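Nothing in this text is a laboratory measurement; each read-out follows from the coordinates by a stated rule. Predicted model only: the values in this text are computed from it and were never measured. Here the Cβ is made from the backbone with ideal geometry for all residues, glycine too, and neighbour counts use every protein chain on show.
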C-alpha cells in the first residue's frame with residue numbers, strides 16, 4: 001500500500017491514546033497526517049491544553065515536510081539554529097522540531113506522520129510509535145547522532 005487509510009489513521013490515534021492511558025500520562029492530543037500533509041485523524045483528550053492541537057500538527061507537519069522524525073529535527077535545530085529560524089519563517093511557524101513527531105512508513109515509503117503533544121516529548125513519541133505499530137506500519141521517530149557522529 002502506498003497511502004495512509006482512514007482506518008489505519010484511526011488505529012494509530014486510538015492505539016496512541018490507549019498507550020497513554022496505560023502509562024498514566026497527561027491528556028494528549030494526537031494528529032495523523034497523510035503523505036500530502038492533510039489531516040486524516042485527530043483526537044484531543046479532555047483537559048488537553050488549548051495549544052496542543054497546533055503543537056501536535058506542527059510536530060507531524062515538520063517531520064513530514066523535512067522527511068525526518070522529530071528527534072532528528074530537534075538535534076538539527078540545536079546545531080543549526082539559523083536554518084530553523086528560516087524554516088520557521090518559510091513554514092509560517094508550522095514546524096515544531098521536537099520528539100513526538102514520527103514518520104509513518106509502509107514498505108519503506110513515507111505515507112504520513114503522527115504528532116502528539118501533551119506530556120513530555122519522549123512520552124509523546126513513545127505513544128506515537130506504539131500507535132503506528134498497532135496499525136501494522138513502521139515508525140521512524142528520527143535519531144539524533146551519538147557523540148561519535150558530532151566530530
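Okay, here's what the table says:
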item: Within a Gaussian network of the chain (alpha carbon springs, distance under 10 Å), most fluctuating of 39, 23, 73; result: 23
item: At R0 = 30 Å, FRET efficiency that the Cβ-Cβ distance of residue 22 and residue 144 yields, to 0.05; result: 0.70
item: Pair residue 122, residue 85: separation of 7 Å Cα→Cβ label points (nm); result: 3.0 nm
item: Cα gyration tensor category, rounded, prolate or oblate, for segment 8-72 with a/c compared to 1.5; result: prolate
item: Sum of -39500 (n - 2.57) over DSSP H runs of 4+, divided by residues of the chain (222 nm, nearest 500); result: -14000 deg cm²/dmol
item: Order of 24, 59, 138 - criterion: other Cβ atoms within 10 Å of each residue's Cβ, fewest first; result: 24, 138, 59
item: Between helix 81-90 and the chain: long-axis angle, C-alpha atoms, 0 to 90°, nearest 10; result: 60 degrees
item: Residue of 82, 100, 15 that the Gaussian network model of the chain assigns the largest fluctuation, springs spanning Cα pairs under 10 Å; result: 82
item: Fewest-first sequence of 5, 29, 85 by Cβ atoms within 10 Å of each Cβ; result: 85, 5, 29
item: Mean projected area in nm² (Cα convex hull; one quarter of hull surface) for the chain; result: 8.9 nm²
item: Choice from 72, 90, 18 with maximal GNM fluctuation in the chain (Cα, 10 Å cutoff); result: 90
item: Estimated FRET transfer efficiency (residue 78, residue 47; beta-carbon r; R0 25 Å; 0.05); result: 0.20
item: Potential extension, residue 3-residue 110 segment - 0.36 nm per residue separation minus Cα distance; result: 37.7 nm
item: Over the chain, relative contact order from alpha-carbon pairs under 8 Å, at least 6 apart, %; result: 31 percent
item: Cα gyration tensor shape of segment 79-129, rounded if a/c is under 1.5, else prolate or oblate by comparing a/b with b/c; result: oblate
